[in-house]
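The values are calculated or read from the model by the stated rules, or taken from the named source; none is laboratory data. Computed from a predicted model, the values in this text were never measured in an experiment. Cβ sites come from the backbone with ideal geometry, for glycine too, and all protein chains shown count toward neighbours.
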Amino acid sequence: MKRERVNMNDAWRLKRYLAEEMVEEYEEGRMSRRRMISTVSRILGVAVVSPALLSSLGCASPEQANVEEPEEAAPVPESTTEGVTVQPEDPDIEVSEVQVPGEEGAIRAYQARPAGEGPFASVILIHENRGLKEHTRDVARRFAKLGYTGLAVDLLSRSGGSEQFADEAEATTAISELDPGNVISDLRSSVTWLQDQPYAQEGRIGAIGWCWGGGQAWRLATEEPRISAISAFYGPNPPLEAVPNIQAATLGIYGGEDARITDQEPELEEALAAAGKTYEMKVFDGANHAFFNDTGDRFDPEAAEQAWSDTLDWFDQYL
(Lines give C-alpha, C1' and ligand atoms only; values in the text may rest on other atoms or scores of the structure.)
Protein backbone atom coordinates (compact mmCIF):
# COMPACT_ATOMS: atom_id res chain seq x y z
CA MET A 1 0.00 0.00 0.00
CA LYS A 2 1.43 3.34 -1.01
CA ARG A 3 1.90 5.90 1.75
CA GLU A 4 3.24 9.42 1.65
CA ARG A 5 6.61 9.82 3.32
CA VAL A 6 6.28 11.26 6.82
CA ASN A 7 8.98 13.15 8.67
CA MET A 8 8.39 12.43 12.36
CA ASN A 9 9.60 15.91 13.25
CA ASP A 10 6.89 17.22 10.93
CA ALA A 11 4.26 15.08 12.67
CA TRP A 12 5.36 16.35 16.08
CA ARG A 13 5.39 19.94 14.80
CA LEU A 14 1.75 19.63 13.74
CA LYS A 15 0.75 18.12 17.09
CA ARG A 16 2.52 20.91 18.91
CA TYR A 17 0.74 23.48 16.76
CA LEU A 18 -2.64 22.03 17.75
CA ALA A 19 -1.65 21.93 21.42
CA GLU A 20 -0.66 25.60 21.21
CA GLU A 21 -4.10 26.30 19.76
CA MET A 22 -5.71 24.78 22.84
CA VAL A 23 -3.52 26.85 25.16
CA GLU A 24 -4.51 29.93 23.21
CA GLU A 25 -8.18 29.00 23.61
CA TYR A 26 -7.64 28.78 27.37
CA GLU A 27 -5.70 32.04 27.54
CA GLU A 28 -8.54 33.86 25.75
CA GLY A 29 -11.24 32.38 27.99
CA ARG A 30 -12.76 29.97 25.49
CA MET A 31 -11.81 26.79 27.34
CA SER A 32 -11.58 25.78 31.00
CA ARG A 33 -8.21 24.92 32.48
CA ARG A 34 -9.28 21.34 33.10
CA ARG A 35 -10.41 20.88 29.51
CA MET A 36 -7.29 22.52 28.11
CA ILE A 37 -4.97 20.27 30.11
CA SER A 38 -6.94 17.15 29.18
CA THR A 39 -6.95 18.04 25.48
CA VAL A 40 -3.24 18.94 25.41
CA SER A 41 -2.46 15.63 27.12
CA ARG A 42 -4.34 13.69 24.45
CA ILE A 43 -2.94 15.67 21.54
CA LEU A 44 0.68 15.27 22.64
CA GLY A 45 0.25 11.75 24.04
CA VAL A 46 1.69 12.60 27.45
CA ALA A 47 0.39 11.45 30.82
CA VAL A 48 1.43 14.57 32.71
CA VAL A 49 1.11 18.12 31.42
CA SER A 50 3.72 19.90 33.51
CA PRO A 51 3.97 23.65 34.09
CA ALA A 52 7.20 23.61 32.06
CA LEU A 53 5.40 22.04 29.09
CA LEU A 54 2.53 24.50 29.34
CA SER A 55 4.99 27.37 29.47
CA SER A 56 6.72 26.08 26.33
CA LEU A 57 3.31 26.05 24.61
CA GLY A 58 2.76 29.72 25.41
CA CYS A 59 0.74 29.49 28.62
CA ALA A 60 1.26 32.70 30.58
CA SER A 61 0.21 31.16 33.91
CA PRO A 62 1.27 27.49 33.77
CA GLU A 63 1.26 26.92 37.54
CA GLN A 64 -2.30 28.23 37.86
CA ALA A 65 -3.37 26.21 34.82
CA ASN A 66 -2.27 22.97 36.43
CA VAL A 67 -4.58 23.04 39.44
CA GLU A 68 -6.91 20.14 40.20
CA GLU A 69 -10.24 21.99 40.23
CA PRO A 70 -10.12 24.61 37.49
CA GLU A 71 -12.74 27.24 36.91
CA GLU A 72 -14.97 27.00 33.87
CA ALA A 73 -14.22 29.00 30.77
CA ALA A 74 -15.95 32.27 30.16
CA PRO A 75 -18.83 32.02 27.68
CA VAL A 76 -17.67 32.21 24.07
CA PRO A 77 -19.19 35.23 22.33
CA GLU A 78 -21.94 34.35 19.91
CA SER A 79 -21.18 34.12 16.22
CA THR A 80 -20.92 37.47 14.54
CA THR A 81 -23.04 36.30 11.59
CA GLU A 82 -25.04 33.28 10.54
CA GLY A 83 -22.05 32.21 8.47
CA VAL A 84 -23.98 31.81 5.23
CA THR A 85 -23.10 34.16 2.39
CA VAL A 86 -24.38 32.04 -0.51
CA GLN A 87 -27.42 29.84 0.03
CA PRO A 88 -27.20 26.19 -1.09
CA GLU A 89 -30.38 26.76 -3.13
CA ASP A 90 -28.84 29.59 -5.16
CA PRO A 91 -29.90 28.92 -8.79
CA ASP A 92 -26.46 29.87 -10.12
CA ILE A 93 -24.72 26.95 -8.43
CA GLU A 94 -25.02 23.20 -7.88
CA VAL A 95 -24.05 21.62 -4.56
CA SER A 96 -23.62 17.99 -3.55
CA GLU A 97 -22.05 15.67 -1.01
CA VAL A 98 -19.52 13.53 -2.86
CA GLN A 99 -17.37 10.49 -2.15
CA VAL A 100 -13.80 10.77 -3.41
CA PRO A 101 -11.99 7.45 -3.90
CA GLY A 102 -8.99 7.34 -1.57
CA GLU A 103 -6.20 4.86 -1.02
CA GLU A 104 -7.89 3.50 2.11
CA GLY A 105 -11.56 4.13 1.47
CA ALA A 106 -13.89 6.92 0.48
CA ILE A 107 -13.08 10.52 1.36
CA ARG A 108 -16.10 12.67 2.11
CA ALA A 109 -16.32 16.10 0.53
CA TYR A 110 -18.75 18.90 -0.16
CA GLN A 111 -18.78 20.21 -3.71
CA ALA A 112 -20.17 23.47 -5.02
CA ARG A 113 -19.83 24.37 -8.68
CA PRO A 114 -21.36 26.77 -11.15
CA ALA A 115 -24.50 25.62 -12.91
CA GLY A 116 -23.67 24.52 -16.43
CA GLU A 117 -21.22 22.27 -18.19
CA GLY A 118 -17.98 24.21 -17.71
CA PRO A 119 -15.13 23.61 -17.78
CA PHE A 120 -14.28 25.51 -14.61
CA ALA A 121 -11.11 26.08 -12.64
CA SER A 122 -11.21 24.24 -9.30
CA VAL A 123 -10.24 25.04 -5.73
CA ILE A 124 -9.70 22.51 -2.95
CA LEU A 125 -10.76 23.91 0.43
CA ILE A 126 -8.95 22.68 3.56
CA HIS A 127 -10.82 23.20 6.80
CA GLU A 128 -9.67 24.48 10.18
CA ASN A 129 -8.74 22.30 13.14
CA ARG A 130 -12.40 21.77 14.10
CA GLY A 131 -13.26 19.70 11.05
CA LEU A 132 -15.45 20.48 8.05
CA LYS A 133 -18.02 23.07 9.17
CA GLU A 134 -20.74 25.07 7.45
CA HIS A 135 -18.41 28.06 7.17
CA THR A 136 -16.08 26.12 4.86
CA ARG A 137 -19.04 24.84 2.84
CA ASP A 138 -20.20 28.42 2.47
CA VAL A 139 -16.81 29.50 1.15
CA ALA A 140 -17.03 26.67 -1.41
CA ARG A 141 -20.36 28.14 -2.51
CA ARG A 142 -18.79 31.60 -2.73
CA PHE A 143 -16.20 30.19 -5.11
CA ALA A 144 -18.94 28.50 -7.16
CA LYS A 145 -20.85 31.76 -7.41
CA LEU A 146 -17.70 33.30 -8.91
CA GLY A 147 -17.15 30.57 -11.50
CA TYR A 148 -14.96 28.03 -9.68
CA THR A 149 -15.66 24.50 -8.58
CA GLY A 150 -15.06 24.37 -4.84
CA LEU A 151 -14.32 21.02 -3.21
CA ALA A 152 -14.27 21.14 0.61
CA VAL A 153 -12.56 17.93 1.70
CA ASP A 154 -13.42 16.35 5.06
CA LEU A 155 -10.02 15.30 6.34
CA LEU A 156 -11.62 13.52 9.28
CA SER A 157 -13.14 11.01 6.86
CA ARG A 158 -10.77 8.29 8.10
CA SER A 159 -12.15 8.92 11.59
CA GLY A 160 -15.78 8.64 10.53
CA GLY A 161 -16.30 12.20 9.32
CA SER A 162 -16.46 15.60 10.98
CA GLU A 163 -20.11 15.14 11.93
CA GLN A 164 -19.03 12.45 14.41
CA PHE A 165 -17.50 15.14 16.61
CA ALA A 166 -20.11 17.41 18.14
CA ASP A 167 -17.46 18.62 20.58
CA GLU A 168 -14.90 20.82 18.81
CA ALA A 169 -12.06 19.88 21.17
CA GLU A 170 -12.68 16.22 20.33
CA ALA A 171 -12.44 17.06 16.63
CA THR A 172 -9.14 18.83 17.24
CA THR A 173 -7.84 15.82 19.14
CA ALA A 174 -8.88 13.55 16.26
CA ILE A 175 -7.06 15.81 13.81
CA SER A 176 -3.93 15.61 15.96
CA GLU A 177 -4.06 11.82 15.61
CA LEU A 178 -4.12 11.90 11.81
CA ASP A 179 -1.05 10.62 10.01
CA PRO A 180 0.35 13.66 8.13
CA GLY A 181 1.14 11.46 5.16
CA ASN A 182 -2.45 10.24 5.01
CA VAL A 183 -3.71 13.83 5.06
CA ILE A 184 -1.63 14.67 2.01
CA SER A 185 -2.61 11.39 0.36
CA ASP A 186 -6.31 12.25 0.76
CA LEU A 187 -5.75 15.73 -0.65
CA ARG A 188 -3.84 14.32 -3.61
CA SER A 189 -6.64 11.82 -4.22
CA SER A 190 -9.00 14.79 -4.27
CA VAL A 191 -6.86 16.47 -6.92
CA THR A 192 -7.01 13.31 -9.03
CA TRP A 193 -10.78 13.04 -8.63
CA LEU A 194 -11.28 16.67 -9.63
CA GLN A 195 -9.12 16.27 -12.70
CA ASP A 196 -11.32 13.40 -13.85
CA GLN A 197 -14.56 15.40 -13.71
CA PRO A 198 -15.88 16.56 -17.10
CA TYR A 199 -16.60 20.06 -15.78
CA ALA A 200 -13.06 20.58 -14.41
CA GLN A 201 -10.66 22.61 -16.50
CA GLU A 202 -7.43 20.69 -16.97
CA GLY A 203 -4.38 22.09 -15.23
CA ARG A 204 -6.30 24.70 -13.23
CA ILE A 205 -6.54 23.46 -9.66
CA GLY A 206 -5.77 25.59 -6.63
CA ALA A 207 -6.01 25.15 -2.87
CA ILE A 208 -6.99 27.33 0.05
CA GLY A 209 -6.79 26.56 3.75
CA TRP A 210 -7.23 28.20 7.13
CA CYS A 211 -5.50 27.61 10.47
CA TRP A 212 -4.40 23.93 10.49
CA GLY A 213 -5.76 23.80 6.94
CA GLY A 214 -3.51 26.69 5.98
CA GLY A 215 -0.55 24.60 7.05
CA GLN A 216 -1.89 21.69 5.00
CA ALA A 217 -2.20 23.98 1.97
CA TRP A 218 1.50 24.80 2.31
CA ARG A 219 2.37 21.12 2.72
CA LEU A 220 0.23 20.14 -0.27
CA ALA A 221 2.11 22.68 -2.38
CA THR A 222 5.40 21.00 -1.45
CA GLU A 223 4.09 17.56 -2.47
CA GLU A 224 1.65 18.05 -5.34
CA PRO A 225 2.89 19.54 -8.64
CA ARG A 226 -0.64 19.61 -10.09
CA ILE A 227 -1.57 22.47 -7.74
CA SER A 228 -1.14 25.75 -9.63
CA ALA A 229 -1.83 28.25 -6.85
CA ILE A 230 -2.58 28.33 -3.13
CA SER A 231 -3.86 30.82 -0.60
CA ALA A 232 -2.82 29.84 2.92
CA PHE A 233 -4.47 31.70 5.79
CA TYR A 234 -2.47 31.88 9.04
CA GLY A 235 -1.15 28.35 8.77
CA PRO A 236 2.06 26.94 10.25
CA ASN A 237 5.06 26.71 7.97
CA PRO A 238 5.73 23.57 5.95
CA PRO A 239 9.10 21.87 6.39
CA LEU A 240 11.44 24.53 5.03
CA GLU A 241 13.65 21.92 3.38
CA ALA A 242 10.66 21.02 1.17
CA VAL A 243 10.08 24.57 -0.09
CA PRO A 244 12.23 24.05 -3.25
CA ASN A 245 9.66 21.41 -4.33
CA ILE A 246 6.87 24.00 -4.57
CA GLN A 247 5.64 24.67 -8.09
CA ALA A 248 2.49 26.61 -7.21
CA ALA A 249 2.20 30.37 -6.92
CA THR A 250 1.78 30.83 -3.17
CA LEU A 251 -0.07 33.53 -1.26
CA GLY A 252 0.43 33.64 2.51
CA ILE A 253 -2.08 35.59 4.61
CA TYR A 254 -1.46 36.44 8.26
CA GLY A 255 -2.92 38.43 11.14
CA GLY A 256 -0.71 41.04 12.71
CA GLU A 257 -1.95 40.10 16.20
CA ASP A 258 -1.38 36.38 15.59
CA ALA A 259 2.24 36.38 16.77
CA ARG A 260 2.40 32.60 17.27
CA ILE A 261 1.97 32.05 13.52
CA THR A 262 3.00 35.35 11.98
CA ASP A 263 6.41 35.26 13.68
CA GLN A 264 7.17 32.19 11.53
CA GLU A 265 6.50 34.05 8.29
CA PRO A 266 9.96 35.65 7.75
CA GLU A 267 11.82 32.33 7.60
CA LEU A 268 9.28 30.92 5.16
CA GLU A 269 9.52 34.01 2.99
CA GLU A 270 13.30 33.73 3.07
CA ALA A 271 13.10 30.10 1.93
CA LEU A 272 10.66 30.97 -0.87
CA ALA A 273 12.88 33.79 -2.08
CA ALA A 274 16.02 31.65 -1.94
CA ALA A 275 14.29 28.97 -4.03
CA GLY A 276 13.10 31.51 -6.60
CA LYS A 277 9.40 30.80 -6.08
CA THR A 278 6.41 32.91 -7.06
CA TYR A 279 4.93 34.13 -3.80
CA GLU A 280 3.43 37.02 -1.88
CA MET A 281 3.03 37.43 1.88
CA LYS A 282 0.42 39.73 3.41
CA VAL A 283 0.10 40.66 7.07
CA PHE A 284 -3.10 42.39 8.18
CA ASP A 285 -2.35 44.75 11.05
CA GLY A 286 -4.78 44.46 13.95
CA ALA A 287 -6.22 41.14 12.76
CA ASN A 288 -5.94 38.02 14.89
CA HIS A 289 -5.81 34.31 14.16
CA ALA A 290 -8.98 33.06 12.44
CA PHE A 291 -9.94 36.58 11.34
CA PHE A 292 -11.55 35.28 8.13
CA ASN A 293 -14.11 33.02 9.82
CA ASP A 294 -17.31 35.03 9.98
CA THR A 295 -18.89 32.63 12.48
CA GLY A 296 -16.31 33.35 15.19
CA ASP A 297 -15.62 36.17 17.60
CA ARG A 298 -12.20 36.89 16.05
CA PHE A 299 -13.83 37.79 12.74
CA ASP A 300 -12.41 41.02 11.31
CA PRO A 301 -14.74 42.16 8.50
CA GLU A 302 -12.33 44.63 6.93
CA ALA A 303 -9.34 42.29 6.95
CA ALA A 304 -11.48 39.36 5.77
CA GLU A 305 -12.89 41.32 2.85
CA GLN A 306 -9.45 42.45 1.72
CA ALA A 307 -7.91 38.99 2.15
CA TRP A 308 -10.75 37.48 0.10
CA SER A 309 -10.21 40.05 -2.62
CA ASP A 310 -6.47 39.34 -2.59
CA THR A 311 -7.15 35.61 -2.86
CA LEU A 312 -9.49 36.05 -5.81
CA ASP A 313 -6.97 38.28 -7.56
CA TRP A 314 -4.27 35.67 -6.95
CA PHE A 315 -6.35 32.83 -8.32
CA ASP A 316 -7.49 34.95 -11.24
CA GLN A 317 -3.85 35.48 -12.14
CA TYR A 318 -2.46 32.00 -11.54
CA LEU A 319 -5.36 29.55 -12.06
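To keep it simple, each residue is scored yes or no on (1) assigned to a loop (DSSP other than H, G, I, E, B); (2) under 18 Å from residue 178 (Cα atoms); (3) assigned by TED's automatic domain parsing to the domain that holds residue 309; (4) among the small types (Gly, Ala, Ser).
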{"residue": "109", "(1), (2), (3), (4)": "no, yes, yes, yes"}
{"residue": "118", "(1), (2), (3), (4)": "yes, no, yes, yes"}
{"residue": "121", "(1), (2), (3), (4)": "no, no, yes, yes"}
{"residue": "131", "(1), (2), (3), (4)": "yes, yes, yes, yes"}
{"residue": "137", "(1), (2), (3), (4)": "no, no, yes, no"}
{"residue": "144", "(1), (2), (3), (4)": "no, no, yes, yes"}
Q: Kindly provide the set of residues from the range 187-209 that are in contact with a helix residue (DSSP H, G or I) (Cβ under 8 Å, 6 or more places away or on another chain) and either under 19 Å from residue 112 (Cβ atoms) or among the aromatic types (Phe, Trp, Tyr) (or both), ordered by number.
A: 187, 200, 205, 206, 207, 208, 209
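Can you tell which of 303, 290 is among the hydrophobic types (A, V, I, L, M, F, W, C), in a loop (DSSP other than H, G, I, E, B) and out of contact with any Asp or Glu (no Cβ under 6 Å at 6 or more places or on another chain)?
On inspection, the qualifying residue turns out to be 290.
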Q | Enumeration of residues in the range 260-287 that are in a loop (DSSP other than H, G, I, E, B) and in contact (Cβ under 8 Å) with a residue 40 or more places away in the chain | A | 278
Q: Considering only residues that are in a strand (DSSP E or B) and free of Cβ contacts under 8 Å to residues at least 40 places away in the same chain, look in the range 213-254 and name the one that is farthest from the chain's Cα centre (by Cα).
A: 250
(Q) Given the criteria part of a helix (DSSP H, G or I), in the same structural domain as residue 242 (by TED's automatic domain parsing) and at pLDDT 95 or above, does residue 257 qualify? (A) no
Q. Among (1) within 21 Å of residue 158 (Cβ to Cβ); (2) assigned to a loop (DSSP other than H, G, I, E, B); (3) in contact (Cβ under 8 Å) with a residue 60 or more places away in the chain, which single condition is residue 198 missing?
A. (1)
Q | Unmet requirement for residue 90, which otherwise passes all of (1) modelled with pLDDT of 85 or more; (2) surrounded by 13 or more Cβ atoms within 10 Å (Cβ to Cβ); (3) in a helix (DSSP H, G or I) | A | (3)
